[in-house]
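Undergrad: One structure coming up, written as structure tokens, with questions to follow.
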Amino acid sequence: MTASDVMPVETLAVAAEAGSPQKPKKALSAYWIYSNEMRDEVIKAQKEANGGKAKFGEVAKEISAKWAALPEAEKKAFEDKAAADKQRFASELKVYMEACDPAGTLRMKYQHLIPKKPLTAF
């Protein structure tokens with residue numbers, strides 16, 4: 001079974017289009033950056049305390065409690081990283097929007113519905 005057996009030809013043409021850029025990932029907030037950095041440490045502590053098991057909810061609760069207790073001076077470092085990530089996302093999104101034409105994409109998607117020649121009055 002090949003890809004052409006599963007997907008319509010129009011979809012394959014759009015998917016195979018060379019140079020189609022991927023949409024950039026969203027910018028992370030300061031909390032998410034902190035959470036990503038602390039997750040391994042918290043999971044390790046949870047596993048030691050609970051006999052090798054770490055529950056997702058407990059990990060999230062502990063990370064959020066640590067974030068709430070974090071002094072503003074230490075939060076500032078994560079907020080600066082978040083601001084830099086926001087700038088990265090804005091610049092990548094601008095490049096992405098220039099590279100892809102949303103109207104052209106829709107035109108290709110619904111090409112089979114667009115009339116080939118004007119309809120006659122008859």
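Undergrad: Distance from the Cα centre of region 71-101 to that of region 24-58, in angstrom?
TA: Here the answer is 22 Å between Cα centres.
Undergrad: Right, something else. Sort T120, T105 by accessible area with a 1.4 Å probe, largest first.
TA: Of T120, T105, the descending order of accessible area is T120, T105.
Undergrad: For region 56-122, with every protein chain kept in place, what is the accessible area per residue (1.4 Å probe, Å²)?
TA: 82
Undergrad: Identify, among Y34, Y96, A45, the residue whose Cα sits farthest towards the positive end of the charge dipole of region 29-99, taking +1 on the Cβ of Lys and Arg and -1 on the Cβ of Asp and Glu, with the dipole about the Cα centre.
TA: Positive-end residue among those listed: A45.
Undergrad: Now a separate question. Pairs K23/K86; K26/K61; K55/K86: which exceed 20 Å Cα-Cα?
TA: In this structure, K26/K61; K55/K86 lie more than 20 Å apart at Cα.
The values are calculated or read from the model by the stated rules, or taken from the named source; none is laboratory data. Keep in mind it's a predicted model, so treat the numbers as computed, not measured. Heads up, the Cβs are rebuilt from the backbone with ideal geometry, glycines too, and the neighbour counts pull from every protein chain shown. Just so you know, the surface numbers come from the protein's heavy atoms only, side chains and all, with ligands and any DNA or RNA stripped out. Shrake-Rupley method; radii C 1.70, N 1.55, O 1.52, S 1.80 Å.
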